[in-house]
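First the structure, which I've put down as structure tokens, then a few questions once you've had a look.
The values are calculated or read from the model by the stated rules, or taken from the named source; none is laboratory data. Remember, it's a predicted structure, so these values are computed and weren't measured experimentally. Counting neighbours? That spans all protein chains shown, and the Cβs are built from the backbone with ideal geometry, glycine included. Protein only, heavy atoms only, side chains kept; ligands, DNA and RNA dropped before computing areas. Shrake-Rupley method; radii C 1.70, N 1.55, O 1.52, S 1.80 Å.
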Amino acid sequence: MVRESVAFFDDVHRRVDIGLRHQGYLFVTRTAEGARAQGELVAAQRAWGLTDVELLDQVEARRRFPYLAPDIVNARFRQDDGWLEPRTLALELARASGARFKTGVTVTGFLNRGDRVRGVATSDGDIDAETVVIAAGPLSGPLGKLAGLDLPLATVRRQKLILPDVPQVPAKAPMTIDFETGAHWRPSGTGAHALWTAPAPAEPPLDDVPTSASFAFGLLDPASDHALARIVPFWKDIWSSTRLQWWLQAGQYTYTPDRRPLLGPTQIPGLALNTGYSGHGIMGSIGGSRRAVDAITGKLKPADNPFRPDRPMKSRAFDIL
């Protein structure tokens, strides 16, 4: 599913700049246990067909990425990994679709004829549709309840630290991740974006998700147990700089118990889902949406759809950044 999405992004980027950068993902560990786990992950990824994943020892990792701390043990690197600008991608998809979009409109209910959903009621009037798809990210749960569905979704706040001007960050650096803590950063313009996705309690779905300054301090303060400076010392200089400026953004990840999306028709005729990507949203969006459409049209049979909404779910641990 992710491979299909990446191939699509590459194709779009050849025509429209969506900010796609293949600068790689670099996972770095400072412990012997982490080094063993990285070796096992590289072996598994190669078995899955990612033959270009590299396992770098300390010397090679610091030679190629000299900003790394001297006490790292090893690193896992894949050059073809990268990132893009989600807002630019969304606007290009909207433009290319030729569809009409309404913003600032609230869904207030679903239109039913017999036992089938035939559209949605909104604050701006009714909209008829042969099939209605709930694809509202963290707000999918409340929308499902309007239709009588209790979706197995939990919303968790995730924040992003934005630093607009940090000359210490190499513009061509990969996404650099502390394997032990999950704290990570990547270049952005003349600055950087930094994140940390430790397990957090579920919160109610929100339109406007609050931020917390403690999130920024946890990444920037070298005394923190998940400080970016643990594996990249120049973040100590950034922390002590009198020029340091930053702000925060926040949103919510929408998790299912098995950390896999809900794609396809529900038990209510005429109502389908494309949600619950559990942090894999951009990466899985294109392949996932195609599968949702194929399931709705019958091209993908329920028995062949591992993401069907009514599947039995076994809880899984977090497996994303």
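When all protein chains stay in place, what accessible area (Å², nearest 10, 1.4 Å probe) is found for E33?
In the full protein context, E33 sits at about 130 Å².
Per residue of the stretch 206-223, in order, report the coupling 6.51 cos²θ - 1.76 cosθ + 1.60 (Karplus, θ = phi - 60°) as ³J(HN,Hα) in whole Hz, putting x for Gly and Pro.
Per-residue couplings from phi come out as 9, 6, 10, 8, x, 10, 9, 4, 4, 5, 5, 5, x, 7, 8, 6, x, 6 Hz.
Which order, highest average first, do 2-12, 207-217 follow once you tally other Cβ atoms within 10 Å for each residue and take the mean per peptide? Walk me through the numbers before you get to the answer.
Values: 2-12: 15.6, 207-217: 12.4.
Ranking the peptides 2-12, 207-217 by packing returns 2-12, 207-217.
Placing unit charges on C-beta atoms (Lys and Arg positive, Asp and Glu negative, everything else neutral), compute the dipole magnitude of the stretch 166-285 about its Cα centre in debye, rounded to 20.
Values: 7 positive and 9 negative charges, 78 e Å.
Computed about the Cα centre, the dipole is about 380 debye.
Something else now. Please work out how much accessible surface K236 shows to a 1.4 Å probe, ignoring ligands, DNA and RNA, in Å² rounded to 10.
110 Å²
With a 1.4 Å probe and every protein chain left in place, work out the accessible area per residue of the chain in Å², rounded to a whole number. Don't skip to the answer; put the middle values down first.
Working: 16720 Å² over 321 residues.
Per-residue accessible area for the chain comes out at 52 Å².
Considering only lysines 8 or more places apart in sequence, or on different chains, count the pairs in the chain whose C-alpha atoms sit under 24 Å apart.
Details: K102/K145; K145/K314; K160/K172; K160/K236; K172/K236; K301/K314.
Taking the chain as the scope, the lysine pair count is 6.
Between helix 86-97 and the chain, what is the angle of the helix's C-alpha long axis to the longest principal axis, kept within 0 to 90° and rounded to the nearest 10?
30 degrees
Could you pull the accessible area for I286 with a 1.4 Å probe, rounded to 10 Å²?
30 Å²
With contacts defined as alpha carbon pairs under 8 Å and 6 or more residues apart, what's the relative contact order of the stretch 215-287 in percent?
Details: 73 pairs, mean separation 13.9, N = 73.
Worked out over the stretch 215-287, it gives 19 percent.
Quick one: angle between helix 281-297 and the longest Cα principal axis of the chain, in degrees between 0 and 90, rounded to 10, please.
It is inclined by approximately 20 degrees.
So who's got an amide H within less than 5 Å of the one on G191, skipping anything under 5 residues away but keeping other chains? H placed 1.01 Å off N, in plane.
V166
Work out the charge dipole of the chain with +1 on the Cβ of Lys and Arg and -1 on the Cβ of Asp and Glu about the Cα centre, then indicate which of L93, G39, A200 is farthest towards its positive end.
L93
What is the helix-to-structure angle for 2-13, meaning the angle in degrees between its Cα long axis and the longest Cα principal axis of the chain, kept from 0 to 90 and rounded to the nearest 10?
80 degrees
Still on this structure, I have one more. Would you mind checking which residues have amide H under 5 Å from V133's amide H? H placed 1.01 Å from N; only 5 or more apart, or other chain.
A272
What does the net charge come to around P233 if you take all other residues with beta carbon closer than 15 Å to its beta carbon, with K and R at +1 and D and E at -1?
Working: positive: R30, R62, R230, K236; negative: D71, D178, D221, D237.
Spelling it out: positives minus negatives among the neighbours equals 0.
Counting only protein heavy atoms and a 1.4 Å probe, tell me what percentage of the chain's accessible area is made up of carbon and sulfur.
Numbers: 9070 of 16720 Å².
About 54 percent, which is the carbon plus sulfur part of the accessible surface.
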